[in-house]
Structure formats: structure tokens, C-alpha cells
Amino acid sequence: MISSPYIIMDLKQYLLDKKAYLKPILDEVEPREINLEPNRNIITAIIGPRRAGKTYLFYSFIKERKLKDEEYLIINFEDAGISDLSEEEVLKCTLYHQELYGAQPKYLFFDEVQAFDGWERVVYTLYERKLYSIVLTGSSSKLLSREIATQLRGRSMPVLVLPFSFKELIGIKGVQYTEGKVDSMTASAIKNLLREYLQNGGFPDVVLHNVQPADFFREYVDVLLFKDVVEREKIRNIEAAKFMIKAVAASFSKEFSINKNYLLLKSNGAGIGKKTLYSYLSYFEDAFFSFVVQKFDFSIKKSALSSKKVYLCDTGISSYFSQAKDIGRLMENAVFVELMRKNSPHRSFNIYYWKDSNGSEVDFVIKDGSGVRELLQVTYASSKEEIEERELSALRKAKKALRCSKAKIITWDFEGEINKYGIRVECTPLWKWLLSSHEI
């Protein structure tokens, strides 16, 4: 296909204009704790919930590295006119960059690649040249982690971007925190912010732009449901999808029963099968709305067939669906999301929950290739006396059953050790655990 000179000039002008528009934005970018390490041997694919700041991770990298204009090229394929270009024209973007700046770019930033038909051929061709470090993002409505892996044939490294962590939040709020050295007034301010964080979540629009949480989550849920699930998966039973997303949100930090919800829908005359409801649950996970955690069992098959617990990508979502504040469940959800952050992108450990036949339960089982690494229990307790016997009893049973020596209870405000039932358990306040720099 022969490209017209007019379109070629448009692309050149776009490359210049994009950086001009970007400069004032860079001044306002908040740094993220997420570490990007792009290189020529692997494509960095930024994935995560919509509106969580995937594009701004580009900007943060450019700002932190103080990249000069000649060092990088950036294209948003959702910008007007870009999607009309041919693959051949887009592939020439690096030549236009050299013409404009006198050098080949070191970094290629491609935003919302799914908006361009044939993006995978363009990206793969540029990757094969081994001249550039390529970083891309894709909207969760059209391009998910499993599709990136398929399209790029194992040549990509996913980087999971979630809403702001609590550590990022207190930095944005200007709280000075040094691990291990916190005065009482600072600790009180941090705990106040933690309550706000559990209630409103960490989405950038809510944290940075003072968008009312109710307004933000109303739009977020509507767009996710219809764009990322209904349209993407061609769902016809929209009412059932609406019911399921509400059911998942209501069940955060709890076991989720497909059968129970199937019977409830059936009693209301909805003609839908269990298999379809399982599919809906996987669609919500694909769109990074929620995550599913299996019950631990040494048998992989039994674990896969077990009851699942569900968690939300952000605790603020739960407040949109219900004004009731269950701090303990919000704390547990926050711990899960932080575990996801600490585990990304290399997935060095797996997350399960544990429950025995008598109903004793441990919130999180952290397992790696060598076995069960740690047990975590989460409870809304402010003193040693408030930690219930069932929490300790469950840990004792799990430690023995899973042959794990390390156990921790994450509390609201109690810190110290408990020696009871023949076990020793370290207790750490949630805010200290969230702000800790240690790896899991």
C-alpha cells in the first residue's frame, strides 16, 4: 500500500505535537512504586484495571528517567487519525523520529494498542529489530494479559498496575514516614488516612482529582460491565450480568457460591445455566474487577474444584455497592490487593486460603515452589485481648496441617507476639504491614 505524503506529514507532526502536549502533564505526574525496567529483549506489557493509571506509568517513567525528546517516541492509538494509518506507515514512525531528532529512539511507548488493527504485527516487527525497548498498554475492554501472551508469543513481560497503594497514598498526602520511627501524632494521621483509604480506595481519579467516590464508581462499574464484559463477550442476558457483578461485590473477602446465586436467579425466573455464571465470574476477573482465590489443598485437582473466595481490585468498589462498613473484610481485601502488588510481575508465589472440615479458616496461605511459606490472618483487633480464640486456633491447625512454621496476624492496632496453644504468632498493625518494605 502506498502512503500519501499528507498522511506521512500528519504522523510526523503528531510525533512532535504529542511531546508538546505531554510536557505540562509530566509536571503533575505522581511517581509510582511500580518499577518499569524495559529492555530490548522483552516487550513490557502494562496491564490492570481501567482507570488505574497504566498510561501515567509511561509518563512517570519518562519523568523519572528525565528522557530527552530524542530518546523516546510515544503514540496513543486512540488519538484521532492514528487508527486510519496503514501498518506500513506506523512502522515508519521510527524513521520519522530519526528524521526529526537525528537519532533512533531508545524507547517506544505504545498506548491503547488494541485500537489499531494489526497492532501485534507492528509491535512484533519492531521488536525483532532489537533496536528499541518497547512498552505498551492495552485497555482491559479489548486487550487482556492472556491475549498479550498469545499475540506476542511469550516475548512479553506483564506489569500489573493496580490503583494507588497505601504507601503511595500517604506520600501523595504529604505524610512523612520512616519505617520504624513513627511518633504518635504521625501514627494517628496514618490510621485516619487508612480508614479513608479502605472506604474510598486508591483509584487516581478519587485520590488526585477529588472526584466523588460515588460518581467515580458509578461510571467505572457501568463502563466495565458494558464495555469490558457485555460487549466484549457478547452477553445477551444483561440482567443476569448486572446481578452477578453485584453479587460478587457483595461477597468480597468471602466464599462465593455459584450454586447459591444460580438458585436465586432461577427462583426469580431467570433462565441461565451454572456454566454461564462461571463464565461471568471469569469475565470479571479478566477485566481486573475481581480476583478469585482457591482453597489450599495438596491435591491440585481438589484445590481447583474447591469453593472460591473473591476479592475486589479496590476496596472503594464495595462502598459503592453498600454503605455498610465491615472494616475486617475491607482490611482483608486490602491485604489481598497488596499481596498481588508484591507478587507482580513475576508471580513468585501463589495465594490461597485454608479451611478445614470443622470450619476453621486462615485467610491467606502463601505458597511457592518449596512449599507453604507463610500463613496470614487478618482481624479488626486493637488489643491482644480482642484477638479471638478462633483466629489462633485456626492458625495452630493450619500450621500443623500445612507444615508451615511462619504465621502472622494482621491487626488494626495491636503489635507484639502471642504465645498460646503451643504456637508463637507475630502480630502487626495493618498500616505498618502495608507500609513495610519487606518482601513476602
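The values are calculated or read from the model by the stated rules, or taken from the named source; none is laboratory data. Because the structure is predicted, anything quoted here is derived from the model rather than measured. Here the Cβ positions follow ideal geometry from the backbone for every residue, glycine too, while neighbour counts run over all protein chains shown. Remember, those area values only see protein heavy atoms, side chains included, never the ligands or the DNA or RNA. Shrake-Rupley method; radii C 1.70, N 1.55, O 1.52, S 1.80 Å.
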Study note, to complete from the structure: For the chain, whose charge dipole is built from +1 on Lys and Arg Cβ atoms and -1 on Asp and Glu Cβ atoms, the candidate among 177, 298, 48 with its Cα farthest towards the positive end is 298
Point to revise | Antiparallel content of DSSP bridges confined to the range 374-440, in %, to 5 | key: 40
Exercise for review: Apply the membrane-span-like helix rule to the chain: whole DSSP H runs, Cα extent along the own long axis of at least 27 Å, mean Kyte-Doolittle hydropathy at least -0.5. List the helices found.
Suggested key: 5-28
Check your understanding: So which of 12/92; 260/309; 227/266 end up more than 20 Å apart, counting from Cα to Cα?
Key -> 227/266
**Study point:** Cα-centred dipole magnitude for the range 292-355, charges only on beta-carbon of K, R (+1) and D, E (-1), debye, nearest 20
**Key:** 280
Check your understanding: Given H placed 1.01 Å from N in the peptide plane, which residues other than close sequence neighbours of residue 409 have an amide H under 5 Å from its amide H?
Key -> 377, 426, 427, 428
Practice item. Assign one of three labels to the range 278-426, namely rounded, prolate or oblate, based on the Cα gyration tensor with a ≥ b ≥ c the square roots of its eigenvalues; rounded applies when a/c is under 1.5, prolate when it is not and a/b is larger than b/c, and oblate otherwise. Key: oblate
Review point. By its C-alpha gyration tensor, with a ≥ b ≥ c as the square roots of the eigenvalues, how is the range 290-371 shaped: rounded for a/c under 1.5, else prolate for a/b larger than b/c, else oblate?
Key: oblate
Revision key, fill the gap. Long-range amide H partners of residue 156, meaning residues 5 or more apart or on another chain whose placed amide H is closer than 5 Å, are 43
Point to revise | Contour minus Cα-Cα distance for residue 208 and residue 300 (0.36 nm per residue) | key: 28.8 nm
Revision key, fill the gap. Restricting to Cα pairs under 8 Å and 6 or more apart, the percent relative contact order of the chain works out to 12
Point to revise | FRET efficiency, residue 266 to residue 356 (Cβ-Cβ, R0 35 Å, nearest 0.05) | key: 0.65
Revision key, fill the gap. The answer for residue 374, listing residues at least 5 apart or on another chain whose modeled amide H is closer than 5 Å to its amide H, is 366
Revision key, fill the gap. With +1 on the Cβ of every Lys and Arg and -1 on the Cβ of every Asp and Glu, the dipole magnitude of the chain about its Cα centre, in debye rounded to the nearest 20, is 1780
Point to revise | Spatial separation of Cα centroids for the range 383-435 and the range 90-119, in angstrom | key: 52
Study note, to complete from the structure: per DSSP, antiparallel bridges as share of beta bridges in the chain, % nearest 5, sits at 50
Study note, to complete from the structure: antiparallel share of DSSP beta bridges within the range 222-379, to nearest 5, in %, is 90
Point to revise | Across 63/406; 274/400; 275/432; 325/384; 308/400; 274/397, pairs whose alpha-carbon gap is larger than 31 Å | key: 63/406; 274/400; 275/432; 274/397
**Study point:** For peptides 365-375, 382-392, sequence by mean Cβ density within 10 Å, most packed first
**Key:** 365-375, 382-392
Check your understanding: If you take the square roots of the eigenvalues of the alpha-carbon gyration tensor of the chain and sort them as a ≥ b ≥ c, do you get rounded (a/c under 1.5), prolate (a/b over b/c) or oblate?
Key -> prolate
Review point. Using a 1.4 Å probe on the protein chains only, how many percent of the accessible area of the range 248-378 belongs to carbon and sulfur?
Key: 49
Revision key, fill the gap. Length gained if residue 187 through residue 42 is fully extended, taking 0.36 nm per residue and subtracting the Cα-Cα distance, is 48.0 nm
Practice item. Hey, can you find the accessible area per residue of the chain for me, probe 1.4 Å, expressed in square angstrom? Key: 47
Point to revise | Under 15 Å from residue 246, Cα to Cα: aspartates and glutamates that are on another chain or at least 8 residues apart | key: 219, 222, 255, 285, 314
Exercise for review: Convert each backbone phi in the range 311-323 into a coupling constant with the Karplus relation 6.51 cos²θ - 1.76 cosθ + 1.60 (shift: θ = phi - 60°), then list the ³J(HN,Hα) values in order as whole Hz, x for Gly and Pro.
Suggested key: 9, 9, 5, 7, 5, x, 4, 5, 5, 5, 7, 8, 7
Revision key, fill the gap. Two pseudo-spin positions, 7 Å from Cα along C-beta at residue 17 and at residue 246, lie apart in nanometres by 4.5
